[in-house]
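Notes follow once the structure below has been shown.
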């Protein structure tokens, strides 16, 4: 029987999963936000569910799978706690093909929502990303932890910063990445390098705010992003 620990997703896999979910349950009939705001602060209700169980005798168990395969990105889906409970308690009603279909459909919906448009000019691309970057800049300047409240993690502003990061800044960053990826051919060599630095920055933020992992050497926002797609 497979050991549960070996079938758990590693840091990179968790990062990919939460990025792909965009903060929403991947059950298309639910699509609930994975973070709920209440008087006590932000409640995290996201859970990583196995399509084929972590153990042979678990829901949709498949004995021939190795621990590595069980903990792989392809075998995991991000759900709210309620949907995770449903699919595991009524596994016959939720076959693997259905769960994998949910995950694929969710990814397509996110790409459509983020407007993966192919532009013909740099100016059009800049026009698409600039409002998102401006919103993030305003939120950062007004709420980021380097402000005086940063010494008090229970401050109301600290909670507002966490909520803004999860519900606005990171989704905006993901949309920026989608738009820039779709229009890489309009970039110069330096901008392509900046894009990859930005991607790593967003991945580090995702780990910090959506998982229990927090790198001590988190990569900072690349300053060259402020000139992305400006000029010819």
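The values are calculated or read from the model by the stated rules, or taken from the named source; none is laboratory data. In this text, all values refer to a predicted model and were calculated from it rather than measured experimentally. A quick note on method: Cβ atoms are made from the backbone with ideal geometry, for glycine too, and the neighbour counts reach across all protein chains shown.
Kindly indicate whether residue 25 is out of contact with any helix residue (DSSP H, G or I) (no Cβ under 6 Å at 6 or more places or on another chain), buried (at least 18 other Cβ atoms within 10 Å of the Cβ) and under 29 Å from residue 163 (Cβ atoms). Lay out the reasoning, then the answer.
Details: out of contact with any helix residue (DSSP H, G or I) (no Cβ under 6 Å at 6 or more places or on another chain): no; buried (at least 18 other Cβ atoms within 10 Å of the Cβ): yes; under 29 Å from residue 163 (Cβ atoms): yes.
Taking the combined requirement at face value, the residue does not satisfy it.
If the requirement is being exposed (fewer than 14 other Cβ atoms within 10 Å of the Cβ), at pLDDT below 95 and under 23 Å from the mean Cα position of the chain (by Cα), which of these qualifies: 172, 112?
Values: 172 fails: exposed (fewer than 14 other Cβ atoms within 10 Å of the Cβ).
None of the others qualify; the one that does is 112.
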Residue 120: passes all of (1) in a helix (DSSP H, G or I); (2) exposed (fewer than 13 other Cβ atoms within 10 Å of the Cβ); (3) at pLDDT 85 or above but (1)
Only one of 104, 82 is out of contact with any strand residue (DSSP E or B) (no Cβ under 6 Å at 6 or more places or on another chain) and at pLDDT 90 or above. Can you tell me which? 82
Can we say residue 165 is surrounded by 15 or more Cβ atoms within 10 Å (Cβ to Cβ) and at pLDDT 90 or above? no
Could you give every pair whose Cβ atoms fall below 7 Å, whose first residue belongs to the stretch 3-21 and is at negative phi, and whose second residue is loosely packed, with under 15 Cβ neighbours inside 10 Å and at pLDDT 75 or above, counting only separations of at least 6 or pairs across chains? 20/107
Quick check on this structure: which one of 58, 41 is modelled with pLDDT of 90 or more and surrounded by 13 or more Cβ atoms within 10 Å (Cβ to Cβ)? 58
Just give me the residues in the stretch 157-212 being closer than 28 Å to residue 9 by Cα and not in a helix (DSSP H, G or I), in sequence order. 211, 212
